[in-house]
Amino acid sequence: MSDSIATATPTGGTPKVSKIQEAIIRIAGNSQDGIQAIGGFLARLAGRSEQEVMTFMTIPSTISGGPSIFQVRVGTGEVLSSGDDADVLLAFYQHSYDDHVASLKKGGIVLYDSDHVSEIPEENKSVYRHVPIPISGLTVEAIGGTAKDKGKNIFALGLLAKMFDLNIPKLEKLINERFTGKDNSIAQNALMAFHAGYGYSLGGIIETFQFAEAQKAKERPQVVMNGNEALGYGLIAAGVRFGAGYPITPWSDIMELLRRELPKYGGTFVQCEDEIASVSMAIGASYGGRVAVTGSSGPGVSLKTEALGWAVMAEMPLIIIDVQRGGPSTGMPTNVEQSDLNIACFGGHGDSPRVVIAPADVEDCFYTAIEAVNIARKFSVPVILLTDQGIATRIEAFSEPDLEKICQDISPDLSPRPDHKPYDLNAPDGITRHLAPGTPILSGKYPITTGLEHDEMGHPTGSPKLHASMTAKRRMKLQALSRELPRPRVYGPPEGNILLVGWGSTQGPIKEAVERARKAGDSVSAVHIKYLFPLPEGLDEIFAAFNHVFVVEMNDEGLYGYGQLAGLLRARFCDPKIRGINKVDGLTWKVRDILDRAESAVSHGMKKL
Amino acid sequence: MSNPTSDTAGTRGNILAVNAPEAPGTVERKGLTKKEIAADHPTWCPGCGDFSVLALYFKLIEKRKLWHEKITTVAGIGCSSRFPYFVQGHGAHFIHGRALPFASGISLSRPDLHVFVFGGDGDAFSIGGNHFNHTARKNIKMTYVVMDNWVYGLTKKQTSPTSPLGFKSKTDIWGAVDHPINPMKQAISAGATFVARTTHTNPNHVLAMMEAAMDHDGFSFIECLSECVEFYEGAFDASNPRKGGVFNLVPADHDVTDEHAAYKLADTPFPGYFGLFYKNSKRATKNALETNINTDAQSRVQGQKSWQILQKNFDRSK
């Protein structure tokens, strides 16, 4: 990339300053080194400036220790993915260096802790620019002998601040904010470490870099958070006031947030004895009159499917969040994967249609949570919100939502009704309306809510005719939803050679792949499917305008050669040109990999035919 | 359900402040009559003990003037769990073993309702065993009546977690070999704050236990022996004076606040004792503890609308 550090041309004299559009910085160390904190500070700072930011994090699933990385991509202009190759690697240990030096662009810069990294292979020296800095020693020197490993992350932040000419007063303020409330000396130490790093002379070795000014100021202030936070706040904005859950990574953050925040709004989040109790309790609260939330990851989602089936049968609104991780079984708890689409759409026995939606990025988590709540209420149906480890822990900056306009009140209406028939077969689009318990029904005939096949009042029936018509009713309301959903829009020209299809967190890398391919003169467009079940209308027309349709997913190609969404789309459209580009390495897509895989799958190249 | 409205009008989404509006003409309302409470004709076998429990629930509703909009009847799966279909009122028939967490969701979000849960021994002590323990220890306000018949009836005679050793069922043709659960001991050790035992053959006693359970502020548990005439006929004859058995009330000098004494009482061989074994009125309910957390949290955001509270979090994310 011509506008990044590796090839930036120095301007000016000493110290040399290069103007750059963006930088990808990978910080590699161990999980207890606080490298997420460095990334967090950089992301926050970018959010307070006019820069776009996206991060990518891997955390080991061990309790303490183990290699960990944090990659932050800061840029002027839209940042779509966390980037393929890094411009700068900051390596704390020999293993950090060994494992991650290959993630650098040629000509990239390695800052390494020379107190811990001693072996630099000879062949690397001509490929990357190496900058040894005794980070551990200098940190101890700066803040005293007892510090040990503590504080070297902040020292490193100082180094980066110097290197990228970052806004020092803003960073100082962020450091102060982060450490306030704790022992005053902690903030003092942090600032000392920061200034020691900032004061370290890099001048003779490498130039400094400056981000180009943004073209136009953002209309609304930027907020910086990860996907789990955005989702939790979205639920609160949507009016959700009750939730229940059980701890499991990476879902736990959402439950911790809701447990902490809901009481301010008069709501409650309950930590349950298990996953089944969680979903059951949430359904109980939904039955109580206000749609409630439960969530999980991996194996926890499997455990919830029986109760989910009840919510389908009883037509009870419910939000289930699935923060996908690598499976099956305990799988890869801290790695990203999109392999829960099948269980989300089809998990459970019997014909049990439900709604599945997937947010595309951190900002979308906030709005999708609200949308999920409104669909659940309007169609009286459980909605599964499929996010993934990639979005959950990724930090992004986005325009602050207009909360005054967005926040809604969904308190139940308990006013008396003359009569009520929840499972009315003649209801428009077959949509059930429940009355919350506590609602007086003046006819004296009260409906019952049940998992047995039932008549229009909810009373059990063995009638073949009723089972057929109720099954159709539960299906037809989702067909009605399908007609209401916004038609997907093609990114790039609406016709051409290759169409990349994505869902969930792959939207960014896929868009970037389209841009890169088009710059190279290739005919590549993309479509992102947010509403996965039911699918929106219009996809067949979009597919018809391309020679090849590749569904890019982070899941296995399956027994028959198609990933989970590709399989769904083939079943839906019977279109043999739908094929899959799949992977299950537990990492997010690299833009280059998407394009390489697409190119090798088409015999006549990616140019327009 | 109402359409979502913007909360700018100041109606805070306070789920714990839900109050059911009074139905018209409630000033001098009479208790509901059996006719007004009865719904579907029960599907139980003639002679089933569950009929008696249902009749006494009707009596409780009538006597204590529990109107339709003040109660919810919940059950899991099993013969006895068919209960809600026979009651005219808001109710839910949930999945096997999970009636308690479902009921907890109602109890914790709708303080204006009293939640009654009915179920059997399989629901309570086998598939739902863990929920029983945790709902008890959390002291979530509700009344739970387990109609214990010592057998799986709906699936036609398999061994249940309360089947006594030697009971011949389709899954233990040579007689049950697994040590049975003692529901009273289970409830006491799990931390239930109201633990009582009764039997369907003594209607007045069942009603008295139901009333006391309903009046208890917390998780109130009643084990009600309820004979399955089809698959375990005569199981409880030793507790029925009409069948030559003895109905022993809990001794008058038993201290219901003494957990150890209650446990000892529960250890008495069948037919054992009937009545209130244990009651702890001091331990706060989860409902109250959560309300305290809310009151405290809300005192810090007093006068603010939901969006303003949320705005603070967004301001901190800038």
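Laboratory data are not the source of any read-out in this text; all were calculated from the coordinates shown. Small disclaimer: the values here were computed from a predicted structure and weren't measured. Using ideal geometry, Cβ is built from the backbone for each residue, glycine included, and neighbour counts are taken over all protein chains shown.
Take the Cα pairs of the range A:5-211, get the Kirkwood Rh, then feed it into Stokes-Einstein at 25 °C and 0.890 mPa s and tell me D in µm²/s.
Numbers: Rh = 17.1 Å.
Answer, rounded: 144 µm²/s.
The residue list B:Ser299, B:His260, B:Leu249 was ranked by how far each Cα lies along the charge dipole of the range B:207-310 toward its positive end, using unit charges on Cβ atoms, and B:Ser299 comes out on top.
Given +1 at the Cβ of Lys and Arg, -1 at the Cβ of Asp and Glu and no other charges, the dipole of the range A:323-470 around its Cα centre is 620 debye to the nearest 20.
Farthest towards the positive end of the charge dipole of chain A, among the residues A:Ala392, A:Val79, A:Asn547, is the Cα of A:Asn547, using unit charges on the Cβ of Lys, Arg, Asp and Glu.
For the residue pairs A:Lys162/B:Lys312; A:Lys445/B:Lys30; A:Lys511/A:Lys607, the alpha carbons lie more than 20 Å apart in A:Lys162/B:Lys312.
What is the fewest-to-most order of A:His349, B:His134 by other Cβ atoms lying within 10 Å of their Cβ?
Working: A:His349 8, B:His134 19.
Ordered from fewest to most neighbouring Cβ atoms within 10 Å, A:His349, B:His134 come out as A:His349, B:His134.
Relative to the longest principal axis of the Cα atoms of chain A, the long axis of helix A:591-601 makes an angle of roughly 70 degrees.
Where the only charges are on Cβ atoms (+1 Lys, Arg; -1 Asp, Glu), what is the dipole of the range A:428-484 about its Cα centre, to the nearest 20 debye? Spell out each step's value before the answer.
Working: 8 positive and 5 negative charges, 24 e Å.
Charge dipole, the range A:428-484, about its Cα centre: 120 debye, nearest 20.
Summing Cβ point charges (Lys, Arg +1; Asp, Glu -1) relative to the Cα centre of the protein assembly as shown gives a dipole of roughly 1500 debye.
Given R0 = 56 Å, the distance between the Cβ atoms of B:Val177 and A:Leu559 translates into a calculated FRET efficiency of 0.80. Ordering B:Lys264, A:Lys304, A:Lys125 by the number of other Cβ atoms within 10 Å of each residue's own Cβ, fewest first, gives A:Lys125, B:Lys264, A:Lys304.
How would chain A be classified by its alpha-carbon gyration tensor: rounded, prolate or oblate, with rounded meaning a/c under 1.5 and the a/b versus b/c comparison settling the rest? Judged from the Cα gyration tensor, chain A comes out prolate (a/c at least 1.5, a/b above b/c). Rounded to the nearest 10 degrees, the angle from helix A:507-519 to the longest Cα principal axis of chain A is 60 degrees. Rounded to the nearest whole Hz, the Karplus-based 3J(HN,Hα) values (6.51 cos²θ - 1.76 cosθ + 1.60, θ = phi - 60°) of the range A:334-346 follow the sequence 10, 10, 8, 7, 10, 9, 9, 4, 5, 5, 5, 7, 10, with x at glycine and proline.
Report, in degrees rounded to the nearest 10, the 0 to 90 angle that the Cα long axis of helix A:168-179 makes with the longest principal axis of chain A. Long axis of A:168-179 versus the principal axis of chain A: about 50 degrees.
Classify the range B:61-158 as rounded, prolate or oblate from the Cα gyration tensor: take a ≥ b ≥ c as the square roots of its eigenvalues, call it rounded if a/c is under 1.5, otherwise prolate when a/b beats b/c and oblate if not. Before the final figure, lay out each step's value.
Numbers: a/c = 2.18, a/b = 1.35, b/c = 1.61.
Because a/c hits 1.5 or more and a/b fails to exceed b/c, the range B:61-158 counts as oblate.
Note on the range A:539-609 and the range A:437-472: Cα centroid distance 44 Å, given to the nearest whole angstrom.
Distant-in-sequence amide contacts of B:Leu154, defined by a placed amide H-H separation under 5 Å and a gap of 5 or more residues or a different chain, comprise B:Cys79. Entry note, chain B: the mean residue ellipticity at 222 nm calculated from DSSP H runs of n ≥ 4, each adding -39500 (n - 2.57), is -8500 deg cm²/dmol after division by the residues and rounding to the nearest 500.
Distance from the C-alpha centroid of the range B:81-145 to that of the range A:350-394: 29 Å, rounded to the whole angstrom.
Per DSSP helix of 4 or more residues, -39500 (n - 2.57); summed, then divided by the residues of chain A. What does that give at 222 nm, rounded to the nearest 500? Mind showing how you got there, number by number?
Details: 21 runs with 216 residues, N = 609.
Helix-only estimate at 222 nm: -10500 deg cm²/dmol.
In the protein assembly as shown, a dipole from Cβ-located charges (positive for Lys and Arg, negative for Asp and Glu) runs towards its positive end, and of A:Pro437, A:Asn335, A:Pro67 it is A:Pro437 whose Cα lies farthest in that direction. Note on A:Ser600 and A:Asp351: their simple-model spin labels are 4.3 nm apart, each label 7 Å out from Cα toward Cβ. Ordered by the number of other Cβ atoms lying within 10 Å of each residue's own Cβ, fewest first, B:Ser107, A:Ser482, A:Ser415 fall into the sequence A:Ser415, A:Ser482, B:Ser107. For A:Ile321, the residues whose amide H sits under 5 Å from its own are A:Thr294, A:Gly295, A:Ser296, A:Leu385, ignoring neighbours fewer than 5 places away on the same chain, with H placed 1.01 Å from N. In this simple spin-label model, placing a label point 7 Å from the Cα along the Cα-to-Cβ direction at both A:Ile186 and A:Tyr367 gives a separation of 3.7 nm. Across the range A:270-355 the C-alpha pair distances fall into 10 Å bins from zero in the proportions 18, 51, 28, 3 percent.
Once the Cα gyration tensor of the range B:160-297 is found, what semi-axes does its equivalent ellipsoid get, as square roots of 5 times the eigenvalues, in whole Å, sorted largest first? Write out the running numbers ahead of the final one.
Values: eigenvalues 194, 67, 40 Å².
Each semi-axis is the square root of five times an eigenvalue, giving 31, 18, 14 Å.
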